[in-house]
Number of protein chains: 4
Amino acid sequence: MKALIHVTLKPDVLDPQGKAIQRATGSLGYEGIQSVRQGKLFEVELDAADESAARALLAELSEKLLSNPVIEDYEVVSLES
Amino acid sequence: MKALIHVTLKPDVLDPQGKAIQRATGSLGYEGIQSVRQGKLFEVELDAADESAARALLAELSEKLLSNPVIEDYEVVSLES
Amino acid sequence: MKALIHVTLKPDVLDPQGKAIQRATGSLGYEGIQSVRQGKLFEVELDAADESAARALLAELSEKLLSNPVIEDYEVVSLES
Amino acid sequence: MKALIHVTLKPDVLDPQGKAIQRATGSLGYEGIQSVRQGKLFEVELDAADESAARALLAELSEKLLSNPVIEDYEVVSLES
C-alpha cells in the first residue's frame, strides 16, 4: 500500500521560513500571496493485512517518528492499495 | 484561495533521511514499512482573479521559491476558493 | 563578511527525526551512536560597516527569519571578513 | 564524545529557500544580506574507543544517513570528549 502523510506545525506555532517565502514573493513581483506555511510530506510504502491495520501502523509511525506531537499535527491524507 | 503544494525529490535522488526513518521502524518493532521518502508541503493562501490565474501564480511560486527543479518535482495537489 | 549560524531545537523539544536517525544506526550495525539531534545551518554573506553592525544584523535576521524563538535557539558560530 | 556535523548543498546546487530568505530580508528593510544558503546541522553524541574510531564512525554515519553525497557535502566541524 502507499500512503501520504502531512505533518504541519500547529496553527499557533510560528513558521519563520514560510513567512520568509511569503515576503520574498513581494520582492519578486508576485502579487496576492497572503501566507505560506511549510510542512513535511512523507510518502510511505507499507505492507499490512488490511486498511485498518495499515492505518494503525501509520498512526504509530506518525506519532513516534514523523512528528513532534507538542508542536505538530499529522494527517494521513491518502492510502491506496 | 487556499492551495496545497507537494515538493518531492525526483525518484532517482536518494533520500537518506527517509531511509533512516524506514530503518528506524524495524528497530521499533514496526513490521511492514517498506520505504519512506520525505518531501516538503506548502500551504499557501492567495488572492487571484480566477482559478487559472491562481494556478499560473502557484506554478511560478513553486518553480522559483519552493523547489529546485533540478532535483525536485512539485505538484499543486489542491486549490480551493 | 561571511557568517555561519546554527539554529537548534531547544533542549526540551523532542526531535523525532533525529531520534529516527539514531535508531537507524543500530539497524545498520553502527555501535555507539547515543543520540542525534537535527538542526539548521545558515551560511550568510553580508555587507556591514563593522563587526558590531554585522552582529546586530545577524541577530535580527536570526530572530525574524531563521528561527522560531519559542522552540528554537540560534547562535552565530563564526563571522569572518 | 560530542560531534557537530554540517551538511550543505554542493555549491552548484540551487537553494531556493535560502534565496527566499535573502529576498525577504530586503522586504523587511535589512540592507546588506547578499546571500543565504540553508544546510543541516547534526549534533551527535557517541561512544568510541578514541578520536580516530569516532571520526571513522562519523564519516560512515554522514555518508549513509545524514547526507546525499550526490548533491550534498558534509564536514565534521567539531569533536569533543
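The values are calculated or read from the model by the stated rules, or taken from the named source; none is laboratory data. All values derive from a computational prediction rather than experimental measurement. Reconstructed Cβ throughout: ideal geometry from the backbone, glycine too, with neighbour counts over all protein chains shown. These area figures cover heavy atoms from the full protein model, side chains too; ligands, DNA and RNA do not enter into them. Shrake-Rupley method; radii C 1.70, N 1.55, O 1.52, S 1.80 Å.
Observations
- Peptide A:59-70, shielding by other chains (average Cβ, 10 Å cutoff): 5
- For D:Glu51 and B:Val77, the FRET efficiency from 1/(1 + (r/R0)^6), where r spans their Cβ atoms and R0 equals 51 Å, is about 0.60.
- With respect to chain B, whose longest principal axis is taken over its alpha-carbon atoms, helix B:51-61 is tilted by about 50°.
- Summed over the residues of chain D and divided among them, the accessible surface reaches 47 Å² per residue at a probe radius of 1.4 Å.
- Shortest-first nm distances, D:Gly32 label point to equivalent points in other copies (7 Å, Cα→Cβ): 3.8, 4.4, 5.8
- Label 7 Å beyond Cα on the Cβ vector: C:Pro69 copy-to-copy distances, nm: 3.1, 3.9, 4.3
- Across chain B, Cα pairs under 8 Å and at least six residues apart give a relative contact order of 54 percent.
- Chains B and A together, accessible area buried on both sides, 1.4 angstrom probe, square angstrom: 2900
- Charge tally for A:Lys10 (other residues, Cβ to Cβ under 14 Å; Lys, Arg +1; Asp, Glu -1): -4.
- With label points defined 7 Å past Cα in the direction of Cβ, position B:Ala49 shows copy-to-copy spacings of 4.7, 5.8, 7.2 nm, given to one decimal and shortest first.
- Cα long-axis angle, helix C:16-27 against chain C (0 to 90 degrees, to the nearest 10): 40
- Accessible surface of segment D:29-81, 1.4 Å probe, proportion on carbon and sulfur as whole %: 44
- Calculated diffusion of the protein assembly as shown, Stokes-Einstein form, Kirkwood radius summed over Cα pairs, 4 °C and 1.567 mPa s, µm²/s: 63
- Ellipticity estimate at 222 nm from DSSP helix runs (n ≥ 4, -39,500 (n - 2.57)) divided over chain A, nearest 500: -8500 deg cm²/dmol
- The label-point distance for D:Ser35 and C:Glu63, in a model that sets each label 7 Å from Cα toward Cβ, rounds to 2.8 nm.
- Fraction in percent of alpha-carbon pairs per bin - 10 Å, chain D: 17, 38, 25, 16, 5, 0
- Chain D residue with Cβ closest to the axis mapping D onto B, distance in whole Å: D:Ile71, 3
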